[in-house]
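Colleague: Please read through the structure below; I'll follow up with questions.
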């Protein structure tokens, strides 16, 4: 493949590594379609460096290997831009630490999709992305923004998707948490779709709304100002007729691990550290952690063993 001209070090004709969740394939896109089932090592495999690595997996930091571990062989220091199209907050921390000279880009998706059966995915809402650079001390802000805008141009080239450049990454992610920390978390614990939860009334009043308000309070304490009307908007975002299963609920239904920490644990810890009371989220987070243990046990990743520091072991 011939050399493409560059803009600020990024090739006009860009090469991608996509690490995705639905097929567990690591897909490598060149000008010619090439599919691989392993992450390439750009040094050992003598592979031309990638301009972008796009990660769309669930972010489950408590399970190894982590995102940074998986993509590391495909990253060229100072060149490859890493796009995290994932839910939650603080997902960039390990990636920025591991790759301090590479642009790290946030992509927040609001696409509506349901995996009806293995490999059969129904997209019932438009794909909308809010894209912007994470802050990385070792990367020039202008270069990071240029990489984010270049990725956005490539992603929207088909004309079939919508993307908006959003420099305030923190606000975008905390805003989405108002829905995810409430609807995703509570639906997973209760095993109830959005229609049934709203039909009960009390699930909204006693669980969903309180969590939404706790997330907004935590964000505000961090200096991220969110609209106080977001709860009413998000409560009505899924139509009564949708019987929608949020993504975390879909994960546990399929026996998969789910995003307990980045959706519930991280905002809870950050809010409490600033003195924000978050009692509803705290209880729901505890339930999510217990459910995660059950999934991990079925996968052979956890055993009910009592460590020496466990205060509840037999005396």
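Colleague: Find the residue count for region 280-310, including only residues that are within 25 Å of residue 266 (Cβ to Cβ) and not in a helix (DSSP H, G or I).
Modeller: 6
Colleague: Right, something else. Considering only region 151-183, state which residues are under 11 Å from residue 105 (Cα atoms), in contact (Cβ under 8 Å) with a residue 24 or more places away in the chain and out of contact with any helix residue (DSSP H, G or I) (no Cβ under 9 Å at 6 or more places or on another chain).
Modeller: Of everything in region 151-183, those that are under 11 Å from residue 105 (Cα atoms), in contact (Cβ under 8 Å) with a residue 24 or more places away in the chain and out of contact with any helix residue (DSSP H, G or I) (no Cβ under 9 Å at 6 or more places or on another chain) turn out to be 151, 169.
Colleague: Okay, moving on. Select from region 92-118 the residues that are under 26 Å from residue 74 (Cα atoms) and in a loop (DSSP other than H, G, I, E, B) and write down the one among them that is nearest to the chain's Cα centre (by Cα).
Modeller: Step one: of region 92-118, the residues under 26 Å from residue 74 (Cα atoms) are 92-109.
Now drop any that are not in a loop (DSSP other than H, G, I, E, B), which leaves 92, 99-103.
On the way: 92: 10, 99: 19, 100: 20, 101: 22, 102: 19, 103: 17 Å.
Here the answer is 92.
Read-outs: derived from the displayed coordinates by stated rules, not from any lab. From a predicted model like this one, the values you see are computed outputs, not experimental measurements. Positions of Cβ are backbone-derived with ideal geometry, glycine not excepted, and every protein chain shown enters the neighbour counts.
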